[in-house]
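First the structure, in the form of structure tokens, and then the observations on it.
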Ligand code: X8Z
Ligand code: ZN
């Protein structure tokens, strides 16, 4: 999802819960003792304030998103028109959300929480959280940050990747990493993908200072703490949570790591099995998803999708959501989205990373993707439509504009990833006639392929990414240790090493788009995977009464209702309450660990006699 600012507010719901003010007695006769001044009606005041605030917020948010959309879909080298317009729109937004007057009003009203409704308090807090990202007491810092952010995005998505002397897209590089067997060509592609890093270094260091300085004005010690506070957690609590998740998945990861080292050494004809996985051996630029390593006989989804085409994938994902009872996407989704790679020869570029946008916090929803017909984009399409259906579902009169967001950010990421998992399970594929019912498939290989996707992701997301950003923002990681720290973490958590020494002349973390434009919140994805398996476990066992490893959600209105009930309140309901009510559990890796447990025995047998290095 595009995670810029938080949502805003509609007022119908509030109006319903705000009691009418008792009219105070007005005139007093001169002879009487002076009347006690009427007690202020804070609920009515908050209501009035929120109404005006939300209308303006929504207007400015829409303008900012429209400008950002243009900046992300039409990047013309050397042309700063879009960047300037985006910076202007974002500054207007910042001037409003961070205005001294608004901050004072928000704080003033929050001093009377006892007299406000829960929904009002939530909205006021959301507005104050937004204010902390743009406090106008330090307007010059905010202005510089907005300019620096816009410039960084242009650099990031305007970069000309070169492989074998030719300009290539990141889709092209990813394809080489998924398919190429020659280690030298793999290494060249991997290195090509990292060439962008150094170009982003100065901008990123500047952004660190500006982001940290911005949030300090409202009392957050650093930007990482600010982002974690959106979950109601301190930085330390967030780090403790992600470290714990990582620990819980570690035994399984250790087996997968050992398995992959030996299998890939065989595949690339290497006699010596390395202790750590060479980064360029893996089918992903960051080693965050290894699933392309394994082909499951009988389920060659890539081949099926290649025949169906990219557009079919998007429509099929929509049909899946519709089958659960969600509406068809609004026609404007197809008219305004940018779903496929740009045609060859155009003189502009676009953001190459998938995202979903809630442009006006109403029904103008769009996705920015470069969908190609393959399994990775098939899952990503389901992921992005998850965001889109979340947007559409909490766009309802009960949810004030300021609370049109996920129960937390991880829920927003979980919905579509859950559907992506469901859309690859065998009974689902058979039900859609994508594979024959008679196809003989190996359950263990299927589970292995899934583990190489979901389990291998955790050390990257909760380990490398979260630890690096924590260190970068909160521990002031020195500029001459940025890459060293990255590779130290990659070795420790993922057990991966680079093909050659990566000194400080490189900046490999910056090759991950989120480091630049979705900062200090990558743990969202780690948490989302954990939530995803909690939801899936509940759906499979309690709703569908199916084995979680072999489900078919298609057409189940009950599953649709379950998911829509989570989506509908947006951020107006506490995320812990939602999970407890819907699954009976607190946040935990229990379901994820259980799901992959059957693989342990297989991997241990495969790895018998092999050297473990982690
Ligand atoms: O960034 C994304 C989505 C967009 S919200 C495609 N994901 C993470 C990534 O690509 O690094 C989905 C899973 C992990
Ligand atoms: Zn997402």
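Just so you know, all these numbers are worked out from the coordinates, no wet-lab data involved. None of these values were measured; they are calculated from a predicted model. Using ideal geometry, Cβ is built from the backbone for each residue, glycine included, and neighbour counts are taken over all protein chains shown.
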Gain upon complete extension [residue 504, residue 240; 0.36 nm per residue less C-alpha separation]
92.1 nm
What is the angle, in °, between the Cα long axis of helix 409-422 and the longest principal axis of the Cα atoms in the chain? Nearest 10 is fine, range 0 to 90.
40
Cα long-axis angle, helix 81-97 against the chain (0 to 90 degrees, to the nearest 10)
50
Taking Cα centroids, how far is the range 485-513 from the range 542-599 in Å?
35
Ranked list, fewest to most other Cβ atoms within 10 Å of each Cβ, for 103, 435:
435, 103
Expressed to one decimal in nm², the mean projection of the alpha carbon convex hull of the range 371-529 is 12.7
With Cα coordinates, the longest principal axis of the chain makes an angle with the long axis of helix 375-394, in degrees rounded to 10, of 10
Is it possible to state the helix-based mean residue ellipticity at 222 nm for the chain, with each DSSP H run of 4+ residues giving -39500 (n - 2.57), the sum divided by total residues, to the nearest 500 deg cm²/dmol? What is it?
-17000 deg cm²/dmol
Using a simple spin-label model with points 7 Å from Cα along the Cα→Cβ vector, what separation in nm is obtained for residue 576 and residue 205?
4.1
So in the chain, what percent of DSSP beta bridges are antiparallel if you round to the nearest 5?
65
When only C-alpha pairs under 8 Å and at least 6 residues apart count, what is the relative contact order of the range 73-185, in percent?
31
If one computes the Cα centroid of the range 92-109 and of the range 278-347, what distance in Å separates the two points?
41
Cβ-based exposure ranking for 486, 575, 281, in which fewest neighbours within 10 Å come first
575, 281, 486
Taking the alpha-carbon centroid of each part, what is the distance from the range 67-85 to the range 366-444 in angstrom?
29
Over the chain, what relative contact order in percent results from Cα pairs under 8 Å that are six or more residues apart?
20
Principal axis dimensions, largest first and in whole angstrom, of the chain by Cα
104, 54, 46
Kindly state, as a whole number, the per residue volume in cubic angstrom of the convex hull around the alpha carbon atoms of the range 304-381.
105
Along Cα→Cβ, 7 Å out, is where each label goes; now give me the distance between the ones at residue 475 and residue 565 in nm to one decimal.
4.3
How much length, in nm to one decimal, is gained on full extension between residue 484 and residue 184, taken as 0.36 nm per residue of separation minus their Cα-Cα distance?
105.6 nm
Grab the beta carbon distance between residue 315 and residue 79, set R0 = 45 Å, and tell me the FRET efficiency rounded to 0.05.
0.85
To make sure I understand, if each residue's beta carbon is the centre and we count other beta carbons within 10 Å, what order do 529, 268 fall in, fewest to most?
268, 529
Given R₀ = 56 Å, FRET efficiency for residue 557-residue 263 by Cβ-Cβ distance, to 0.05?
0.85
If packing is taken as the average number of other Cβ atoms within 10 Å across a peptide's residues, how do 494-504, 117-127, 397-407, 598-608 rank, most packed first?
397-407, 117-127, 494-504, 598-608
Suppose a student asked you for the relative contact order of the range 204-291, using Cα pairs under 8 Å spaced at least 6 residues apart; what percent would you report?
11
